[in-house]
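The values are calculated or read from the model by the stated rules, or taken from the named source; none is laboratory data. This structure is a prediction, so every number in the text was calculated from the model and none was measured. Here the Cβ positions follow ideal geometry from the backbone for every residue, glycine too, while neighbour counts run over all protein chains shown. The area values use the complete protein model at the heavy-atom level, side chains included, leaving out ligands, DNA and RNA. Shrake-Rupley method; radii C 1.70, N 1.55, O 1.52, S 1.80 Å.
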Amino acid sequence: MPTPDSVDAVDARLLLAITRTPRATISALAEETGLSRNTVQSRVSRLEERGALSSFERRVDPRALGYPLRAYVTTRVTQSRLTPVSDALRAIPEVLEVSGISGHTDLLVQVVARDTDDLYRIAGQVLAIPGVERTDTALVMSDLVDYRLTPLLEQRADG
């Protein structure tokens, strides 16, 4: 059931248009969605304020930067050290993303590396952070389903 600040069908149509053409102007989005320019501007602003629409940063493939390997490092952390560990992970350039998770480990750390020796170095950096108790590293072998929101947006746009 939608919450008061959730995306409605009109917002979903607008987000689909933005997903299809991320660089579209407000006027172009209005034309594509059949909404007025003022409505589009207002809704885009509201989506940004609520955090439903985040950065327009384009994704750069790490392979283009010389990082063909990607791995996930599950990390068990001393609970009182979670913030300093997160800050230390943020300082490692090869760390792309860190998520707090439930279960036997505390963090899921996505990293990239130039080769297996580089991955070993990065995993060692993570393990050397004070407060990190244990890590396990899993190399990404293949991407089977890329990150996507379009199916969810289409479902919401259809009502």
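Can you name every residue in the range 136-151 that is open to solvent by less than 100 Å² (accessible area, probe 1.4 Å), modelled with pLDDT of 90 or more and not β-branched (Val, Ile, Thr)?
Asp136, Ala138, Leu139, Ser142, Asp143, Pro151
Run Asp8 past the list (1) at pLDDT 90 or above; (2) within 30 Å of Arg114 (Cα to Cα); (3) open to solvent by 50 Å² or more (accessible area, probe 1.4 Å) and report the number of the one that doesn't hold.
(2)
Quick one: how many residues across the range 33-77 are free of Cβ contacts under 8 Å to residues at least 40 places away in the same chain, over 30 Å from Arg134 (Cβ atoms) and of a type outside the set (Asp, Glu)?
Qualifying residue count, the range 33-77: 23.
So which residues in the range 116-135 are small (Gly, Ala, Ser) and open to solvent by 40 Å² or more (accessible area, probe 1.4 Å), if there are any at all?
Ala128
Suppose we keep only residues that are assigned to a loop (DSSP other than H, G, I, E, B) and not hydroxyl-bearing (Ser, Thr, Tyr) within the range 62-72. Which one would you say is nearest to Tyr120 (Cα to Cα)?
Checked the range 62-72; the qualifying residue nearest to Tyr120 (Cα to Cα) is Pro68.
So that you can scan it fast, the table gives a plain yes or no per residue for (1) at pLDDT 95 or above; (2) open to solvent by 70 Å² or more (accessible area, probe 1.4 Å); (3) charged (D, E, K, R):
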site: Leu53; (1), (2), (3): no, no, no
site: Phe56; (1), (2), (3): no, yes, no
site: Ala71; (1), (2), (3): yes, no, no
site: Val77; (1), (2), (3): yes, no, no
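Considering only the range 73-102, state which residues are in a helix (DSSP H, G or I), out of contact with any strand residue (DSSP E or B) (no Cβ under 9 Å at 6 or more places or on another chain) and more than 25 Å from Pro62 (Cβ to Cβ).
Within the range 73-102, Gln79, Ser80, Thr83, Pro84 meet the criteria.
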